[in-house]
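Working notes for the structure below.
The values are calculated or read from the model by the stated rules, or taken from the named source; none is laboratory data. The structure displayed is predicted, hence computed values, not measured ones. So basically every Cβ, Gly included, is an ideal-geometry build from the backbone, and we count neighbours across all protein chains shown.
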Amino acid sequence: MWRFLCLLALWGSNDLLAQSGKLPEKPSFHLYLLVGQSNMAGRGNGDELSGIPHPRVMVLTKDREWHPATDPLHFDKPKVVGVGPGRAFGKAVAEDHPQVVVGLIPCAVGGSPISSWQPGVFYPPTKSHPWDDAIARAREAMKRGTLKGILWHQGESDSKVGLAEPYEDALHDLIQRFRTALKAEGVPFIAGQMGIFRERPWSAEKRRVDQAHRDLPSTVARTGFVSAEGLTHKGDEVHFDTASARELGRRFYRVWKELDERP
């Protein structure tokens with residue numbers, strides 16, 4: 001019943017999407033690809049806000065249908081997926097751009113190392129192909145809208161000896177592959193910082209992965225870095241809690257906006 005009432009409010013609101021009952025033309029339907037591992041997918045606990053959609057924020061479902069965006073957006077691990085940064089990001093975009101409809105493309109895969117984000121690679125824990133699935137979903141979405149940003153939150157699985165050392169090169173390669181595959185050379189790519197939690201001090205390897213994220217704006221054109229300073233975990237010392245996941249989404253938006261406004 002709550003979901004039904006939310007949808008009634010959505011379609012009855014004084015809004016361009018609600019009035020038309022259909023998606024807008026391509027130039028007004030702005031798409032954002034959400035990729036990485038569990039903190040992008042979201043592990044925050046749902047609350048009373050999770051099921052209330054914004055009238056101009058849509059999500060591409062697992063079945064590749066456009067629905068009003070409610071948490072959880074992702075479907076990588078259905079038993080644990082929850083609130084992530086994506087919907088808060090989408091709401092921030094929509095509220096700052098009243099003539100735009102936002103389309104979120106959830107493709108994050110919990111636990112996935114960057115090596116699994118390669119063409120043809122199968123990731124057994126989720127029985128998925130992270131890269132292939134993301135590209136296929138993005139291309140499907142782009143038939144209806146215009147890609148405006150790629151949001152990446154990943155790195156915990158690579159913060160290990162032997163994996164951290166080649167991470168920066170792998171990240172740069174990933175960015176170029178996304179831009180080539182999606183014909184999105186000028187589209188901003190933004191990396192979110194891994195959680196900084198005092199209960200779990202960072203290793204040298206995690207600091208190395210973090211530095212690769214931090215250095216992006218100075219090493220790769222049209223990229224950004226989002227700080228996780230001051231954010232808190234849900235009690236597991238790994239995943240952002242609900243409030244922090246949403247704040248991270250708003251921070252992603254501020255960095256995206258700065259990049260978008262540059263000539």
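Values computed for the structure shown
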| quantity | calculated |
| --- | --- |
| Residue in the range 19-26 that is touching a Leu at 6+ places or on another chain (Cβ under 6 Å) and at pLDDT 95 or above present | no |
| Selection within the range 229-247 - aliphatic (A, V, I, L, M) and out of contact with any strand residue (DSSP E or B) (no Cβ under 7 Å at 6 or more places or on another chain) | V238, A243 |
| Complete set of residues in the range 95-118 that are surrounded by 20 or more Cβ atoms within 10 Å (Cβ to Cβ), of a type in the set (G, A, S) and farther than 18 Å from A141 by Cα | G110, S112, S116 |
| Some residue of the range 123-144 being assigned to a loop (DSSP other than H, G, I, E, B), crowded, with 20+ Cβ neighbours inside 10 Å, under 16 Å from the mean Cα position of the chain (by Cα) and not basic (K, R) | no |
| Filter result for the condition that a residue is modelled with pLDDT under 95, surrounded by 14 or more Cβ atoms within 10 Å (Cβ to Cβ) and not acidic (D, E), over W11, W2 | W11 |
| The one condition in (1) farther than 23 Å from D63 by Cβ; (2) modelled with pLDDT of 95 or more that R200 fails to fulfil | (2) |
